[in-house]
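Report on the following structure.
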């Protein structure tokens, strides 16, 4: 179920700002903001929601961390990761961010990587390529470790430089907003100017824009005009890897996030989305299961074979991406629940034998009621 803009809409309400109110002096030139707003279709929210639902890439648990950073839930303790992100967002003018959200520009790097990255294009992971070896080697190893056909999955990087390229912005917004080529080109140029008008956006490389990771499956998807059926992909954003590095988990988090996203492809391949659970509980089940699959791989002697201190670090990784959105359809599990799921996955390593994906899922379903208690 799509949840467009929820993770910033709450912050807008809290600060009693609306999209139609004046932009303060701290924002970029008002004429840019006004021109962007004037070009947006009247039903832009519905169009963006439809695009997200069709693509199926709006449910990332990392976007929940963004919401927690911007609008903390008083009933849920913040995590080091959300605290770091909150500090980095404070340097950005809120009214500019509102424009980025409602135009769909904040999602441009995600769509750009999912739709337009090609397997023959050189890829690097991290703002300076510092996580390339961790990401690529873990991906190749996961393909061998688990018993699913995964040769068709492509690996792609998400970089903020998509927002420094007018053409890349335009072709993404043409799809998400369903506007003409002319309007998309105008929006692309204006958004690019808005990005360049404030050094705090780092020419699009601020971690907010790439604080995401995606497991995209073509299963059940329609052809995209001019693109056909997209291949299965795992997309890794620079922002989230930078965030984990900043809180001292850069040695483990890239592998943990990769293993988690790969687990979603296991769920696609084994048809594990079927459940009697509904709403938030159904989404939480999938995310905790992915944490468990990832933790099993990360600690297995024929997997990543991480030792105790690194096990604690990857469990902390999953703890940091928990949320307290208990009644939201996108609820992915509290920090404690996600850590418990990770600990459970680690505890399933009892021999050199690699458990089948089906057997692992069966055991997880039996353990789930205990994992979500409290």
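The values are calculated or read from the model by the stated rules, or taken from the named source; none is laboratory data. In this text, all values refer to a predicted model and were calculated from it rather than measured experimentally. Cβ coordinates were reconstructed from backbone atoms using ideal geometry, including for glycine residues, and neighbour counts include every protein chain displayed.
For segment 114-134, filtered to residues that are assigned to a helix (DSSP H, G or I) and out of contact with any helix residue (DSSP H, G or I) (no Cβ under 8 Å at 6 or more places or on another chain), the residue that is nearest to residue 216 (Cα to Cα) is 132.
Checked against the criteria, residue 356 counts as under 16 Å from residue 145 (Cβ atoms) and either touching a residue at least 40 places away in the same chain (Cβ under 8 Å) or under 19 Å from the mean Cα position of the chain (by Cα) (or both).
Condition test on residue 135, is it under 26 Å from residue 287 (Cβ atoms), in contact with a strand residue (DSSP E or B) (Cβ under 6 Å, 6 or more places away or on another chain), surrounded by 16 or more Cβ atoms within 10 Å (Cβ to Cβ) and modelled with pLDDT of 90 or more? Judged against the criteria, residue 135 is a match. Against the numbered list (1) touching a helix residue (DSSP H, G or I) at 6+ places or on another chain (Cβ under 8 Å); (2) modelled with pLDDT under 85, residue 16 comes up short only at (1). If you go through segment 21-33 one residue at a time, do you hit one that is on the phi > 0 side of the Ramachandran plot, at pLDDT 60 or above and surrounded by fewer than 18 Cβ atoms within 10 Å (Cβ to Cβ)? Looking for residues that are on the phi > 0 side of the Ramachandran plot, at pLDDT 60 or above and surrounded by fewer than 18 Cβ atoms within 10 Å (Cβ to Cβ), one finds none in segment 21-33, hence no.
Scanning segment 290-317 for residues that are crowded, with 24+ Cβ neighbours inside 10 Å and over 14 Å from residue 251 (Cα atoms) yields a total of 8.
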